[in-house]
Amino acid sequence: MIVRYLENMDVKKVTELYISVFSQEPWNDEYESIEEVEKFIQNFMASDTYINFIAEEEGELVGLCLGLKKPWIKGIEYYIDEFCIKSERQGTGIGSEFLAKIENEISLLGMNGLILNTEASFSSADFYRKNGFHKLSDLIVLGK
């Protein structure tokens, strides 16, 4: 597997991957247009605060990670905002390998933590726990 930074030339195929994964179970997200998802992804590329990765195998896009550098008391952490693996490749170990390579890269960039949020009832929660993530005390996510 090759893991590299997301580039402008990747936006179309990354958009297709994103829509194909998140429009299925358990997310069932609906999008008004391909363009709105493209713009969403491009917004993650608009600042050096964001660090975005893709995973490829034999030239095929198999994974996407959109995230950002976030200061915290003990340094800089990498916040994974969006993470997905091509549906047909889920459960094959690619996601775990992709996460491990991301963790290695952010460590080389001086970041010393990974953080994310996911739906407690989705299979993604089990995936992240299997890869060393744990619930942070009584932390909740709020919105307004």
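The values are calculated or read from the model by the stated rules, or taken from the named source; none is laboratory data. Quick caveat, the model's predicted, so the values are computed rather than measured. Here the Cβ is made from the backbone with ideal geometry for all residues, glycine too, and neighbour counts use every protein chain on show.
Brief remarks follow.
- When the test is whether a residue is surrounded by 13 or more Cβ atoms within 10 Å (Cβ to Cβ), at pLDDT 90 or above, in a helix (DSSP H, G or I) and of a type in the set (D, E, K, R), Glu97 passes it.
- Any chance Ser87 is surrounded by fewer than 19 Cβ atoms within 10 Å (Cβ to Cβ), touching a residue at least 60 places away in the same chain (Cβ under 8 Å), closer than 24 Å to Phe133 by Cα and among the small types (Gly, Ala, Ser): yes
- Evaluating Glu119 against the criteria (1) within 23 Å of Met1 (Cα to Cα); (2) part of a loop (DSSP other than H, G, I, E, B); (3) modelled with pLDDT under 95 leaves one unmet condition, (1).
- Test: residue in the stretch 58-74 that is acidic (Asp, Glu) and surrounded by 15 or more Cβ atoms within 10 Å (Cβ to Cβ): no
- Set side by side, the residues Phe98, Phe122 differ, and just one is touching a Pro at 6+ places or on another chain (Cβ under 9 Å), hydrophobic (A, V, I, L, M, F, W, C) and touching a residue at least 60 places away in the same chain (Cβ under 8 Å), which is Phe122.
- Among the residues of the stretch 67-90, those that are in a strand (DSSP E or B) and either in contact with a helix residue (DSSP H, G or I) (Cβ under 7 Å, 6 or more places away or on another chain) or among the basic types (Lys, Arg) (or both) comprise Lys69, Lys70, Tyr78, Cys84, Ile85.
- Screening Ile73 on (1) at negative phi; (2) in contact with a Gly (Cβ under 8 Å, 6 or more places away or on another chain) shows it passes everything except condition (2).
- Selection within the stretch 122-144 - among the acidic types (Asp, Glu) and surrounded by fewer than 10 Cβ atoms within 10 Å (Cβ to Cβ): Asp138
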